[in-house]
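Please read the structure below before turning to the comments.
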Amino acid sequence: MSSLDMEKLVSLCKRRGFIFPSSEIYGGIGGFWDYGPLGVELKRNIKDAWWHDIVRTRDDMVGLDCSIIMNPRVWEASGHVGGFSDPLVDCKKTKERYRADQLWVFIYRFNAKDDPGKHLEFWWGSLGGAPEEARKAAEARAAKVAKKLGQPLDSSVTGYMQLAPEDRDKVIGPSVDEAGTLTEPRSFNLMFKTFVGALESESNVAYLRPETAQGIFANFKNVCDTGRVKIPFGIAQVGKSFRNEINPRNFTFRSREFEQMEIEFFCKPEDAKEWYAYWRKARFDWYVKLGLRSEKLRLRDHDPDELAFYSTATADIEYAFPFGISELEGIAHRGDYDLTQHMKFSGKDLTYFDEESKARFTPHVIEPSAGADRATLAFLCEAFHEDVVENETRTVMKLHPRLAPIKAAVFPLVKRDGMPEKAMSIHKCIQQKFASFYDQTGAVGRRYRRQDEAGTPYCITIDGQTLTDDTVTIRDRDSLKQWRVPSANIDTIIEDLITGKTTVPGADSAN
RNA sequence: GCGGGUGUAGCUCAAUGGUAGAGCACCUGCCUUCCAAGCAGGACACGUGGGUUCGAUUCCCAUCACCCGCUCCA
């Protein structure tokens, strides 16, 4: 799919009511999106499928729904308050961007050539994790100047962050030869700050969570104390998270408000490697099962230098979006980092006592963390098709029946002879079990096409024959095949098709 | 945050310094027995705010949003 097709998808999403720009009538707001009538059903079906497969049908998983705003100490323990904000400096000339805390300023003083009593100062900016790392580059520049002016009188080093504001203009950026091209350090803090209580003061600062995971760790003891879980087990949570992304981009892919589907799976330290391998595969297979083609998906293991310092292994499930290959879900082996951090900061014992082995230990954690909006976008991209039928383009969303916003649409072939009444009663019947849509306007072919764009897998049409033998036609979205079935147990017939218990008949038995 | 581009109806596009048009979609009626039918009628738009001008959708400035590239993404 080219980028042109991404535009088509965005257009279809808006036209058919999948996704709208947030607060559009006020000019919108970057990084926020709304789900329309079809979109909310699709996203809900994805979250429901996840919850069903991860929590309901497993005996080693329980669910949780914790608050979005937590005690701010949670985010100190997790490292988000300290590590989630980087002061950045831009070079106005080269457009390069540096981390201000890794930019060191080496000040060298030389005697001026024509006037030995006068001193010249050079403030060279140089990059490095510590001054020692940065020194080499500065020394090279000093040596160059020394050829003209002689050896420097003295030198000193300071952090760019520590400079007085009026001195920042003196600094020569790492990639330029003139001073004054660097901006003030600006803090790009990705945490959403707010205040708890009506009075705004530093003492009641709180944060909107940047991930749902920490709520699980903070509740680990509570869940264990309910006595219904034994290691190995997992806690699952679906919910909104917030990050002040520097640059939201690519439709809903990088949003500032987004929804996560996260698992923290707790196990014995010696079993962690095995569980990591298990979840790495299980989560990949889940996307394939729901319709993402495996050749568009890839499982990418992080390089050792890419890993967070506490993680021994991390893999990303990536999807080939039209705008590039990007992450849908990360599966991380987090060791005992999180529980240890929360023990340290809360002072509470979060170790686990294993009744069988009579051993006490800090569980290790495997974290499969998925983006619900990213999954939704991937399924939309995957589903989008433009088929050519009799020289006409048919836009059809080939969504997995389990995910389709509307499972069945019911049409009277024409608006008379009691067909609308019969169709309506069938629609009401199906509606008890599935999302169903009734439509009697215009030609039936147009109604089929409308449902194609919504991704509705099955259309049911009531015709003249229905009134005599009580059968209806079912039309399959992907094959365009039609066949007759009794209307009496139509809800069960649709259910069997959705669950895969039955399949579309090979023969076209339409009238 | 930087550079470039775009912004006209629900969608895709057009025209214009003098009150905006088309196709598709939508609504109503008639007609219609299976894949975007026909006829008649209808509703709907110049992203926002300033400036220039007698008059701005058009020119200028700012702002917002989106797209592309950079940057960032614990």
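Derivation of every value follows stated rules applied to the coordinates shown; laboratory data play no part. Computed from a predicted model, the values in this text were never measured in an experiment. Every residue, glycine among them, receives a Cβ derived from its backbone with ideal geometry; neighbour counts consider all protein chains shown.
With 29 Å as the limit, the listed pairs A:Lys422/A:Lys481; A:Lys193/A:Lys268; A:Lys296/A:Lys433 have A:Lys193/A:Lys268; A:Lys296/A:Lys433 beyond it between alpha carbons. For region A:85-188, the relative contact order is 37 percent, taking Cα pairs closer than 8 Å that sit 6 or more residues apart in sequence and dividing their mean separation by the residue count.
Quick check: from the Cα gyration tensor, does chain A come out rounded (a/c under 1.5), prolate or oblate?
prolate
Think of it as helices only: each DSSP H run of n ≥ 4 in chain A is worth -39500 (n - 2.57), and spread over all residues that comes to -9000 deg cm²/dmol at 222 nm. Farthest toward the positive end of the dipole of chain A, out of A:Trp50, A:Phe122, A:Ile325, is the Cα of A:Ile325, where the dipole comes from beta carbon charges about the Cα centre. Counting Lys and Arg as +1 and Asp and Glu as -1, what is the net charge of the other residues whose Cβ lies under 13 Å from the Cβ of A:Met261? Here the charged neighbours net out to -4. Checking every one of the trypsin sites (Lys or Arg not before Pro) in region A:251-331 against DSSP loop status and a limit of 16 other Cβ atoms within 10 Å picks out A:Arg293. Phi angles across region A:261-269 convert, under the Karplus curve 6.51 cos²θ - 1.76 cosθ + 1.60 with θ = phi - 60°, into 3J(HN,Hα) values of 10, 10, 10, 10, 10, 9, 8, 5, x Hz, Gly and Pro given as x.
Dividing the mean sequence gap of close Cα pairs (under 8 Å, 6+ apart) by how many residues chain A holds gives a relative contact order of 12 percent.
Treating each Cα of region A:353-511 as an identical point scatterer and summing with the Debye formula, the log10 of I(q)/I(0) at q = 0.11, 0.13, 0.14 Å⁻¹ comes to -0.50, -0.63, -0.71. At q = 0.16, 0.19, 0.29 Å⁻¹ the log10 of I(q)/I(0) for region A:451-511 amounts to -0.49, -0.69, -1.37, computed by Debye summation with a single uniform scatterer per C-alpha, solvent ignored.
Using a/c under 1.5 as the rounded threshold, could you call region A:242-351 rounded, prolate or oblate? The axes a ≥ b ≥ c are square roots of the C-alpha gyration tensor eigenvalues, and prolate needs a/b larger than b/c, oblate otherwise.
It is oblate, given that a/c is not under 1.5 and a/b is not larger than b/c.
Under 5 Å between amide hydrogens, built in the peptide plane, is the criterion, and for A:Arg254 it picks out A:Arg249 among residues at least 5 positions away or on other chains. Here the extension length gained between A:Phe353 and A:Ile246 equals 34.2 nm, from 0.36 nm per residue of separation less the Cα-Cα distance. Using C-alpha pairs below 8 Å separated by at least 6 residues, the relative contact order for region A:406-499 is 29 percent. Using only the Cα atoms of region A:85-188, build the gyration tensor, take square roots of its eigenvalues as a ≥ b ≥ c, and label the shape rounded, prolate or oblate: rounded if a/c is under 1.5, else prolate if a/b is larger than b/c, else oblate. Verdict is prolate for region A:85-188. Rg and Dmax over the alpha-carbon atoms of region A:1-82 stand at 18.3, 48 Å.
Find, to one decimal place in angstroms, the Kirkwood hydrodynamic radius of region A:406-499, where the mean of 1/r is taken over every pair of different Cα atoms and then inverted.
Numbers: mean 1/r = 0.0779 Å⁻¹.
In region A:406-499 this quantity evaluates to 12.8 Å.
Multiplying the residue separation of A:Glu421 and A:Leu299 by 0.36 nm and removing their Cα-Cα distance gives an extension gain of 38.8 nm.
Computed from point charges on the beta carbon alone (+1 for Lys and Arg, -1 for Asp and Glu), the dipole magnitude for chain A about its Cα centre is near 660 Debye. Across region A:319-333, computed HN-Hα scalar couplings (Karplus, 6.51 cos²θ - 1.76 cosθ + 1.60, θ = phi - 60°) run 10, 7, 6, x, 8, x, 7, 9, 6, 9, 7, x, 10, 10, 8 Hz from first to last residue, x flagging Gly and Pro. Counting only lysines at least 8 places from A:Lys170 when in the same chain, those with an alpha carbon closer than 19 Å to its own are A:Lys92, A:Lys93, A:Lys95, A:Lys118, A:Lys144. From the alpha carbon centroid of region A:116-188 to that of region A:211-285 is 45 Å. Annotation: amide H of A:Leu153 within the under-5 Å range of A:Arg109, A:Phe110, A:Asn111, sequence separation 5 or more or interchain, hydrogens built in the peptide plane.
Amide H contacts of A:Ser22: A:Ile29, A:Phe32, A:Trp33, A:Asp34, each under 5 Å away and 5 or more positions distant or on a separate chain (H built 1.01 Å from N in the peptide plane; Pro and chain starts excluded).
The mean of 1/r over all pairs of different alpha-carbon atoms in region A:143-227, once inverted, gives a Kirkwood hydrodynamic radius of 18.8 Å.
Neighbours of A:Arg109, meaning other residues whose beta-carbon lies under 15 angstrom from its beta-carbon, give a summed charge of 0 when Lys and Arg score +1 and Asp and Glu score -1.
For the residue pairs A:Lys398/A:Lys501; A:Lys281/A:Lys398; A:Lys43/A:Lys407, the C-alpha atoms sit more than 23 angstrom apart in A:Lys281/A:Lys398.
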